[in-house]
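Notes for the one structure printed next.
The values are calculated or read from the model by the stated rules, or taken from the named source; none is laboratory data. This one's a predicted model, so the numbers in the text were calculated from it and none came from an experiment. Glycine gets a Cβ as well: all are built from the backbone with ideal geometry, and neighbour counts include every protein chain shown. The area values use the complete protein model at the heavy-atom level, side chains included, leaving out ligands, DNA and RNA. Shrake-Rupley method; radii C 1.70, N 1.55, O 1.52, S 1.80 Å.
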Amino acid sequence: MSLARVFLVFLLLLTPVVRGEAADQKSSVAQEAPAPPPSRVIPLAEVAARATEVEALLRTDRALLASTPAISMIETRLPGVSTFLGRELERTVSLLQQQTTLERLEMMHEAWARRQLLTTTWLDPLTRRVTDLQEALTRLAEQRQTWTQTQEAARTAKAPESILAQIAGVLAAIEAAQTPLQAERAAALDLQIRVSREVARCQAALAQVAEAQRQVVGRLLERDRPPIWNSQWWVGAGTLDLRNVRDNAIDWWWELDRNLRDPANGLTAHAGLFVVLAALLWAARRWTHRSAAAEGASTATAVFDRPFSAALLIGLLSHPLVYGVAPPEVRQLFQILLLVPVIRFTRPVVDPRVVRGLFLLAALFTLDTVRRAVGTLAIEPAILSLEMLAGLLGLGYTPTVGPLRRPPARAVESERLRALRVVTTLVLVLFAAGLAAALLGYLRLARLIASGVLGSVFLALVLSPVVRVITGLVALALRIWPVRLLRMIEHHRDLLERRTHRVLIWLAFVFWLTRSLDYVGLLGPARTLGQSLLGAKLERGALSISLEDVLAFVLTLWVAYLLSAFLRFALEEDVYPRVGLARGLSYALSSLLNYVLLALGFLAGLAVLGLDVTKMTVLAGAFGVGIGFGLQSVVNNFVSGLILLFERPIHIGDVIEAGGITGSVRRIGIRSSVVRTGQGAEVIVPNAQLVTERVTNWTLSDRQRLIELPVGVSYSAHPKKVMEMLETVAQAHPQVLRQPAPRAFFMGFGDSSINFELRAWTDQFDQWFQIRSELAASVYDAGQAAGISFPFPQREVRLLQDPSARPAEGPVPERPT
């Protein structure tokens, strides 16, 4: 082979490889190069149909131009709100430059938080409107591009003039629709920017108030005034112009009058609500008096004896729920008015010896409210000192020589008096601390103690009648039609009232603690401290968990358990008795519902912890393997328990016989069941034993029981008469079934008697042994009356002489025994 031929063969072998590499390079280049945009040209045959679609799209877009009620409301109210926020921001800055109390700072924080919530709520519809308008403009831009390309293609293809005119009309309509949408989007964006500006203003005010709160809390223990006996204090107080007090009072009254006339506060409508509530509660008092005469009085409904006080209490406390947080002046007026129903509700339920103390606390609270309303004055230390001194002198005698003094050593003291003495002593200690702080010049601390003590006591006095009124309303609701027709209400009304009262007490305590901190201005710092404690995380490798997660997990499980308990209670009391379920099915459904809700609660708790449930499959698989090896019997019993609940071969209350144990089934649990024997013992039987082994169920299909009574009579009795007597005795027993009828049988001839057996059926399974005993006694009485004797076993024994023994002197006579 020549060298040229070898080289030619080599080239032929190398050509496919080169072509493959080139093809790979071309394919990679083709993949890296961007794909050309798809053609948007509409075929000429579809121009008419697509033009109709564009017209429908334009009608939909034109509907977006109409302003919604929410947007119109925002446009109308925004100028006034902006002016109001600007004025309030200036007022807030001015107050922050002065020595503002923690209480006033907390009120300012609540007000600005409410304003921020309002303005933030306005952003949601504006954002949706801007998004809808932008999407409409994007759709129109895409349609315009498509129809522009279609117009160019139609001109190139020299389409008919009618088609070109239709395409031009569609483009003109699209351009005409874009202009108002762009204008509306610009207006919506402008309105959104203006609202965002107000939200930023609220956030800035909240930040300033929060900073002021931190500064005031940090300076609580700093002296801000000279002591009251210092000459500098008297000089400053002497320069006080009494006109300042008058001007502050006039300003407070003017603000109060303006807020009372402001329609936004709804005080006129709320006055009408008070009239309606008073009429309804007065009618409720008459109805409760009539029902008490028929069914018995209830202590919970005694609150309706004072309908006008209850209406005033509900009206004043419900105002913030309807119209939001009231202005400070209106709130202070409401607090003073609340003293009227509070005292009227509290006097009948407290010891008469402490009524004077209640009036004194009410007077001190009113004085402290006036002091806070008038504002910071040079004579404020003196006013605080007088408040604390009056409290010390007025309440100081009660735990020593007054009504709360300690009884003699052998006297019995009630828990309520002991608690009142402890509370009174604590209040006196705080009054003394407030007096010392005011005298020494620690004015911030004195304000905090005075407002905190009086405000907390006032709030506790308010919550006591509130709990009683709500409990009374619940008790009234449980007695009206159709609620009273429910079985759970009929059977457990007192229990529901007690549970409601207990829950309300806990809620009132939480509310009292929260509002007391709010009253003294420590709610914000306490909230920040609580959030920091709840947010503290324990990190260990990939594990990161916080106290908040743990509490949320426990709370989720607790809520699931309470929900399960309530649903099972409602089903067992009101649903199962009305639908006529088979015996034992109700227990199976309740148990299944309990398992499902607890499992869902556990999964929800895991989700609250932040665990991805879908990623739990690996852990579940490993857990399943561990169960398969180490917990076989537990899983076997669990599955057997589910079989018992679904297949229901055994019901609650059934009398069974298994493994030498006879008794009634009391409970079918997850792992085992409880069987109570006739001797009173409760035997724990694994569920697997009830499924895999032989079990005799005496009451599976019905509660009937066959009673077998053997009877033996003497050979002198006539068998047919004996059988008639036995059947007559059985038929006369009230708990023996007529169908099937009792029967007597001649069983045979015995050694000492002829034997019969009485067989009778009863549906009183639990009393069959007692019925058998009563039948036996009746048979004996009937036999004695008929002259029939009941023989007992007899044996005749003869003693014979041993033939191998020598006879004694004289014959030995036989002695029958």
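Tabulated data
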quantity: Partners for LYS720 among aspartates and glutamates (Cα-Cα distance below 16 Å; same-chain residues under 8 apart left out); calculated: GLU757
quantity: Gain upon complete extension [ASP766, ILE228; 0.36 nm per residue less C-alpha separation]; calculated: 185.1 nm
quantity: Environment charge at ALA278 (Cβ cut-off 15 Å; Lys +1, Arg +1, Asp -1, Glu -1); calculated: +3
quantity: Inter-probe distance in nm under a simple model that places probes 7 Å from Cα toward Cβ, at LEU534 and LEU606; calculated: 2.5 nm
quantity: Fraction of accessible area attributable to carbon and sulfur, segment 43-156 (%, probe 1.4 Å); calculated: 55 percent
quantity: Summed side-chain charge close to PHE458 - residues other than PHE458 whose Cβ falls under 11 Å, Lys, Arg +1, Asp, Glu -1; calculated: 0
quantity: Amide H contacts of ARG667 (H built 1.01 Å from N, under 5 Å, at least 5 apart or other chain); calculated: VAL674
quantity: Karplus-derived 3J(HN,Hα), 6.51/-1.76/1.60, for each residue of segment 175-185, Hz, glycine and proline x; calculated: 5, 5, 7, 5, 4, x, 5, 5, 5, 5, 5
quantity: Theoretical FRET efficiency, 1/(1+(r/R0)^6), r = Cβ-Cβ of ALA269 and ARG114, R0 30 Å, to 0.05; calculated: 0.95
quantity: Order by protection proxy (mean Cβ within 10 Å, highest first), peptides 710-717, 733-740, 670-677, 458-465; calculated: 458-465, 670-677, 710-717, 733-740
quantity: Calculated FRET value between ILE193 and ARG139, using beta carbons and R₀ = 25 Å, to 0.05; calculated: 0.55
quantity: Estimated inter-spin distance, ARG671 and GLU211, nm [label 7 Å along Cα→Cβ]; calculated: 6.2 nm
quantity: Burial order of peptide ranges 156-165, 206-215 (average beta-carbon count within 10 Å, highest first); calculated: 206-215, 156-165
quantity: Cα-based reach from LYS537 at 18 Å (exclusive), listing aspartates and glutamates while leaving out same-chain residues under 8 positions away; calculated: GLU548, ASP549
quantity: Local electrostatic count, GLY535, Cβ distance below 13 Å [Lys/Arg +1, Asp/Glu -1]; calculated: -1
quantity: Linear extension gain, LEU164 paired with ASN697, 0.36 nm per residue minus alpha-carbon span; calculated: 182.8 nm
quantity: Listed peptides 746-754, 340-348 by packing density, highest first (mean Cβ within 10 Å); calculated: 340-348, 746-754
quantity: Added length on full extension, which subtracts the Cα-Cα distance from 0.36 nm per residue, PHE569 to ALA63; calculated: 176.9 nm
quantity: GLN784 versus ARG87: modelled label distance in nm, points set 7 Å from Cα along the beta carbon direction; calculated: 10.6 nm
quantity: Backbone HN-Hα couplings from phi across segment 446-461 [Karplus 6.51/-1.76/1.60, Hz, Gly and Pro as x]; calculated: 5, 4, 4, 5, 4, 5, x, 5, 5, x, 5, 5, 4, 5, 5, 5
quantity: With all protein chains modelled, accessible area of MET723 [1.4 Å, Å²]; calculated: 50 Å²
quantity: Interchain or long-range residues, amide H under 5 Å from VAL711's placed H; calculated: PHE756, GLU757, LEU758
quantity: Per-pair calculated FRET efficiency, R0 = 22 Å: GLN182 and GLU46 via Cβ, rounded to 0.05; calculated: 0.15
quantity: Per-residue HN-Hα couplings for segment 157-169 [Karplus 6.51, -1.76, 1.60; θ = phi - 60°; Hz; x = Gly/Pro]; calculated: 7, 6, 5, x, 5, 5, 5, 4, 5, 5, 5, 5, x
quantity: Solvent-accessible area per residue for segment 431-556 (1.4 angstrom probe, square angstrom); calculated: 54 Å²
quantity: Amide H within-cut-off set for SER546, under 5 Å, with H built and near neighbours excluded; calculated: LEU538
